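The values are calculated or read from the model by the stated rules, or taken from the named source; none is laboratory data. None of these values were measured; they are calculated from a predicted model. For neighbour counting, all protein chains shown are included, and Cβ atoms are generated from backbone atoms with ideal geometry for every residue, glycine included. Side chains are part of the model used for accessible areas, which takes the heavy atoms of the whole protein and leaves out ligands, DNA and RNA. Shrake-Rupley method; radii C 1.70, N 1.55, O 1.52, S 1.80 Å.
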Amino acid sequence: MTIRIGVEEEFHVLEAESGLLVPRAGAVLRRLPRKTFTTELHQCTVESNSAVHTSLYDLHADLTDMRRRLERAASSLGLAVVAAGTAPLAPGASASPTAEARYRHMAEEYRKVADEQLICGAQVHVDVPDRDTAVRAMCEVSPWLPVLLAVSASSPFWQGADTGYASWRTLLWQRWPTAGPVGCFSSAAEYDAAVDDFVQAGIISDPGMIYYDVRPSAHLPTLELRTCDACPRAETVVLIAGLFRALVTEARARLRARRAPGCGGRHEWLRGASWRAARSGLEGMLVDPETHQEAPAHEVVRKLLVRLRPALEAHGDWHLVRELTEAALADGSAAQRMRRAARQEGLPACVDMLIAETRGERGQRGSVTADRTPTRAVVLGGSHSATSSASSVSSAAPGAPDAVGR
């Protein structure tokens with residue numbers, strides 16, 4: 001049986017003319033259906049929720065359609081939207097919490113940590129048969145999640161300056177008390193008890209504030225990937241979704257074949273591996289999950305691809321994911337493209353590039369000539385819906401009840 005997937009994407013709301021982050025999400029959302037688009041912690045962020053899909057091609061069509069609808073709503077107000085870990089031109093005074101009780105509490109309790117969460121991520125949900133499987137699979141997939149982070153890296157700039165990191169969002173995100181790599185749990189009951197300890201201790205207000213790199217849904221039998229930056233190109237999201245589904249598929253097979261727990265509990269190295277991925281993206285070194293030694297990012301990504309080939313083939317994803325992987329390695333991370341644009345023509349050109357890529361174009365707008373061909377459209381175009389099973393995100397999509405995110 002093909003395993004279903006769903007995606008949540010977060011977008012920065014910018015003033016189109018200046019490229020500055022602005023708290024106008026409410027105005028944009030009033031022009032969009034709320035079952036598909038919703039609020040986030042800050043008023044400068046809009047979240048979209050895909051339908052459920054079995055086909056990566058159909059997922060891509062859904063994501064690009066939602067981006068077009070969001071872009072139309074924003075542009076009618078003189079605004080633009082950007083899918084990236086951070087907005088390059090985000091003034092320090094941009095924080096403006098959404099007027100909901102939960103968000104107000106978070107802003108008051110966590111102060112500067114919450115104020116600086118002017119960040120956007122992409123989350124992928126994959127079906128699992130039950131919560132015990134979801135919890136046990138977390139341990140199995142965790143060593144490879146820094147590789148997916150590197151693929152997504154799109155946040156080198158923070159408040160107008162180059163941070164030296166490919167994903168500065170990761171460093172900002174990991175300030176939350178429950179963010180980062182997850183430990184191993186033998187059952188859902190053990191995991192839920194640990195979450196309850198956080199709530200009872202007053203560290204978090206509810207289970208939705210568990211921000212591990214991967215977590216089980218509190219309401220649906222899904223496993224959720226949370227470590228990735230938002231991605232300017234929808235094709236990158238599709239690539240990550242395909243790889244994560246294959247990781248979960250492989251993990252489920254290993255769990256079925258093994259009676260005893262397979263983890264010795266040594267995950268301390270994962271935080272360092274995540275830091276390395278955030279620092280380097282696809283352009284430097286990563287920590288090889290099998291050797292725990294540094295290796296060029298391209299080698300580690302291709303090792304993951306080879307490892308997952310049987311699972312990818314089982315879903316009919318191998319050829320597409322392989323082509324998208326090679327394209328991502330050839331083009332470089334979004335962080336590298338952003339730096340190139342900024343180096344050549346300044347940060348406004350970088351913002352223009354992000355706006356163009358978010359709506360499916362290559363290149364920058366304005367003074368830089370844009371290539372209007374949708375990125376990888378030849379690969380993902382056409383009808384491939386024979387195995388599709390889409391439904392409304394508000395009723396059955398993986399992750400819908402967890403869309404509150406932060």
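Given the structure, is residue 173 within 22 Å of residue 112 (Cα to Cα), open to solvent by less than 40 Å² (accessible area, probe 1.4 Å) and in contact with a helix residue (DSSP H, G or I) (Cβ under 7 Å, 6 or more places away or on another chain)?
Details: within 22 Å of residue 112 (Cα to Cα): yes; open to solvent by less than 40 Å² (accessible area, probe 1.4 Å): yes; in contact with a helix residue (DSSP H, G or I) (Cβ under 7 Å, 6 or more places away or on another chain): no.
When the stated conditions are applied, residue 173 does not pass them.
Can you tell me which residues in the range 290-303 are crowded, with 20+ Cβ neighbours inside 10 Å and not β-branched (Val, Ile, Thr)? Outline the logic, then answer.
Filtering the range 290-303 for residues crowded, with 20+ Cβ neighbours inside 10 Å gives 297, 300-301.
Answer for the range 290-303, where residues must be crowded, with 20+ Cβ neighbours inside 10 Å and not β-branched (Val, Ile, Thr): just 297.
Which one of these does residue 246 not meet: (1) assigned to a helix (DSSP H, G or I); (2) open to solvent by 20 Å² or more (accessible area, probe 1.4 Å)?
So residue 246 meets the others, but not (2).
If I ask for residues that are open to solvent by 10 Å² or more (accessible area, probe 1.4 Å) and either in a loop (DSSP other than H, G, I, E, B) or more than 23 Å from residue 108 (Cβ to Cβ) (or both), which ones from the range 197-212 would you list?
Taking the range 197-212 and keeping what is open to solvent by 10 Å² or more (accessible area, probe 1.4 Å), we get 197-203, 205-208, 212.
Listed by number, the residues that qualify are 201, 202, 203, 205, 206, 212.
I'd like the full set of residues that are touching a residue at least 60 places away in the same chain (Cβ under 8 Å) and under 20 Å from the mean Cα position of the chain (by Cα), limited to the range 62-79.
Within the range 62-79, 62, 63, 64, 67, 68, 71 qualify.
Okay, residues lined up against (1) surrounded by fewer than 18 Cβ atoms within 10 Å (Cβ to Cβ); (2) at pLDDT below 95; (3) assigned to a helix (DSSP H, G or I):
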site: 58; (1), (2), (3): no, no, yes
site: 77; (1), (2), (3): yes, no, no
site: 81; (1), (2), (3): no, no, no
site: 102; (1), (2), (3): yes, yes, yes
site: 122; (1), (2), (3): no, no, no
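Going by the structure shown, is residue 94 modelled with pLDDT under 95 and open to solvent by 30 Å² or more (accessible area, probe 1.4 Å)?
On the way: modelled with pLDDT under 95: yes; open to solvent by 30 Å² or more (accessible area, probe 1.4 Å): no.
No.
Output the number of residues of the range 130-170 satisfying the condition of being modelled with pLDDT of 95 or more, surrounded by fewer than 20 Cβ atoms within 10 Å (Cβ to Cβ) and part of a loop (DSSP other than H, G, I, E, B).
2
Within the range 269-281, track down each residue that is closer than 21 Å to residue 236 by Cβ and open to solvent by less than 10 Å² (accessible area, probe 1.4 Å).
Across the range 269-281, the qualifying residues are 273, 274, 277, 278, 281.
Could you check the range 33-77 and list, in sequence order, the residues that are of a type in the set (Phe, Trp, Tyr) and in contact with a strand residue (DSSP E or B) (Cβ under 7 Å, 6 or more places away or on another chain)? Walk me through it before giving the result.
From the range 33-77, those of a type in the set (Phe, Trp, Tyr) are 37, 57; that's our starting set.
Passing the criteria: only 37.
Given the range 1-50, what strands (runs of 3 or more DSSP E) lie entirely inside it while holding 2 or more residues that are among the charged types (D, E, K, R)?
5-15
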